[in-house]
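Any read-out appearing in this document is the output of simple, stated calculations on the displayed coordinates, not a laboratory observation. Everything quoted here is computed from the prediction, not taken from an experiment.
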Amino acid sequence: MISQFNTSSRVQELTGRVRRCCCRYCGSPLELKRITFSHFEDSRIEIFCTHCSRIEYGIEPEIYQSAKYFVEHFDFNWYTYLDDNAQTKQMTIAKICDILSWQNRQLGFMDNNGFKVPVIMQQDWQNESMTISDEALDKLIKEE
């Protein structure tokens, strides 16, 4: 059974993900590791984040950046029943990555090899925001 996890097509797929993806939890680069699961030296090759010390399938960096921005700038917490700490924030970013990835797959923008369309991240847009009062908004609407 373990041999199915070490086929050349699977290793090629994982190698491609390591090249283009990052960790869903911390955004760090990923690497391939041979993971041993028993005393009989049964092992398989997996994608691993050395920063988080976890087996991780990875996410496209553009999705990670969008998820991180969303969580940090909108103070979003998926796990409201847990303490608000760095680990909860990482878990929330990973959950938003999953949601964004699912959406991109459903819309046909992604497949198993990443994005099918060119992605242009508007970094300057992610850092811009505007706060406007109700009165100022009403004034802008009346001026149109």
message: Give the lysines whose C-alpha is closer than 27 Å to that of residue 68, dropping any in the same chain fewer than 8 places away, or say none.
response: 33, 89, 95, 116
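Run the numbers for residue 141 and residue 79: contour at 0.36 nm per residue of separation, minus the present Cα-Cα distance, in nm.
On the way: separation 62, 0.36 × 62 = 22.32 nm, distance 3.78 nm.
Full extension of this stretch gives 18.5 nm more.
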